[in-house]
Every structure is written in C-alpha cells, then in structure tokens.
Amino acid sequence: MFPELNNLLNTTPDRVEQGKLTLLCDAKTDGSFLVHHFLSFYLKANCKVCFVALIQSFSHYNIVGQKLGVSLTAARECGQLVFLEGLKSSVDVFFRAQAEPHPLQFLRSASLQPCSEVHTWEADAGNLQPLYEFVREALKPADDGQAAWRCPVLLVDDLSVLLSLGMGAVAVLDFIHYCRAAVCWEQKGNIVALVHDSGDAEDEENDILLNGLSHQSHLILRAEGLATGFCRDVHGQLKILWRTPSQPAAQRDRSLTYQYKIQDKSVSFFAKGMSPAIL
C-alpha cells in the first residue's frame, strides 16, 4: 500500500471503514496502482479478500504485492485471499468440462445472440449469477461462527472487461447490486471496483456503468492523464471524491485533486504545480 495515499484518505489498516463501495476510475492513464494499493491495504488490515482479476495474472499481482510488503501466495494458502484469475479461467471455461457452473460461465453459455439492428453479439444478461455465487461463497462467514478475518472485501479489476466480453451495463450493475447486498449490507464488508473511462461519447454502455456506479459509491478515486501530455516528473492527477449517497447533493460531496508520480515501491502525491522537480 502507499502511505501517502492513506494519509490523503485519512485511513490506516488499523482503522477500516465498513459497508462502503469504492469506485476506481482511470482515464487516459493506467489506474492499476490504485488496485495494488487497495489489495495490499486490505490484506494488511487482516480482511478476507475475494479478488476477481480479469486483467492480469496471479504472478503479476504477486510480484507487485511483494514490493508493497504483502505475499499473495501466503495469503491464498492461509485462506485470507480467494483469487479468481480470469485469464487462466477463461481457458478452463472453453476447453474443459465443468461439473458445476464456472464463475465465468457466461463466456461459454452466452450463445452469442445477435442484437437487433446492429451486427454485434451480446451475452445473456442473466449469466453473471455464477460469478455472484462464487463471490458469496468465497466471502461467507466461517461455519463455526468465529470471525478469523476483520471483514470481507470484494475487489474487481476491472468491470469494463465484462462489457468488452459482451455483457450489458445493466447486467454488470445488477451484479454489483447483489454483491453490495451480500457483502456490504449483510456482512458489513467493502467493495472496490475499477472501471475504465474510455472517453468515447459513443460508448453508451460504459457511460451507463460508470454513472450508475458513481451514484452508488461512497468514495471515488479518478486517475487522469495530464492534459499537456507525458511528463517525466508528473505522471497524472488523482481526483478524490467523498460521497454520502443518502444525503442531498449540496451536502454529500467533498473533493480534492492531487498530482502524482509513480515510483518503484511507492507513489508520491502533491498539489497541482507543486512537484519537487518543478520547485
């Protein structure tokens, strides 16, 4: 995890808020450093983590995690981390017989039905249920009633991939809704999900997903590339928005914006125009 980001969010692994939905968003930059931060943060906080990784392999996350002071291998072996490797699992879905529905069964059972008036293909909107069942089973309380971990956490990297694979935005929002009911409300856990903002005005499905999650989120972290282009000493800016969805709009939002530089084992944050290289 990145201590400077913890300071900006006013949190530590010893003081974890519960029942929250955190939306991570990246636009014209790579926001994966935020995923690595929250993964290592919740593991250090002794939380039970279900990680649905649709972008990278387990070894990739493990290598980065070691730089941040956590071992994903050890966490998985002791039962703290349940890792769904989308890249590897997709091969199993297509080429291996499954006795039970696979979490990513929609890849195979989508049947690729043609959409009306458009020469594209769309997956069956109901087929994210196996993925939800996987998450619920992974984060269910222990049978003996004793909580070995502080609270359950669902981490998804990233939801935009589901849209690319043919799922509709409404189906993905329904999936998050059911996960919130099971994880945030029933078990007082947290959900962290990354969504890519393509910036394409014609990508309506991505806009629906991003707007829908934004209205539900308690915390939004949006990483953006610099409008001026590449800079060696400033890699982008991070907008942090704290929200209280139940409050009126004028009272519920508070935001801050910082620029950042990603280093090998850390990320440094500073106010706009206040980079040490400039000063």
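The values are calculated or read from the model by the stated rules, or taken from the named source; none is laboratory data. Bear in mind that the values here come from a model prediction, so they are computed numbers and not experimental data. Reconstructed Cβ throughout: ideal geometry from the backbone, glycine too, with neighbour counts over all protein chains shown. Ligands, DNA and RNA are excluded from the accessible area calculation, which covers all protein heavy atoms including side chains. Shrake-Rupley method; radii C 1.70, N 1.55, O 1.52, S 1.80 Å.
Grab the other residues whose beta carbon is less than 10 angstrom from that of ALA45, score K and R as +1, D and E as -1, and report the net. Numbers along the way, then the final one.
Working: positive: ARG15, LYS44, ARG150; negative: ASP14.
Local charge sum for ALA45: +2.
Show me, for segment 75-89, the HN-Hα J-couplings you get by feeding each phi into the Karplus relation (A = 6.51, B = -1.76, C = 1.60, θ = phi - 60°), rounded to Hz, glycine and proline as x.
Taking θ as phi minus 60°, the curve returns 5, 5, 5, 8, x, 6, 10, 10, 10, 9, 8, x, 4, 7, 5 Hz for segment 75-89.
Students often forget the sequence filter, so: which lysines lie under 17 Å Cα-Cα from LYS239 once same-chain residues fewer than 8 apart are removed?
Within the straight-line cut-off, LYS239 pairs with LYS28, LYS261, LYS272.
Between THR29 and residues 5 or more places away or on another chain, which pairs have amide H atoms under 5 Å apart, with H built 1.01 Å from N, and which residues are they?
Distant-sequence amide H within range of THR29: GLY225.
Efficiency by 1/(1 + (r/R0)^6): what FRET value for SER71 and VAL170, r their Cβ-Cβ distance, R0 = 35 Å, to the nearest 0.05?
Working: r = 38 Å, r/R0 = 1.09.
Efficiency at R0 = 35 Å is approximately 0.35.
Heavy-atom accessible area of THR228 with all protein chains present, probe 1.4 Å, nearest 10 Å²?
That residue has around 130 Å² of solvent-accessible surface.
Pull up the cross-link candidates among the aspartates and glutamates for LYS48, meaning alpha carbon to alpha carbon under 20 Å and not fewer than 8 places away within one chain.
Partners within reach: ASP14, GLU17, GLU77, GLU85, GLU133, GLU137, ASP143, ASP144, ASP157, ASP158, GLU186.
Accessible area per residue for segment 199-243 in Å², computed with a 1.4 Å probe and the full protein assembly in place, what is it? Present the calculation step by step, with values, prior to reporting the outcome.
Values: 2380 Å² over 45 residues.
Value returned for segment 199-243: 53 Å² of accessible area per residue.
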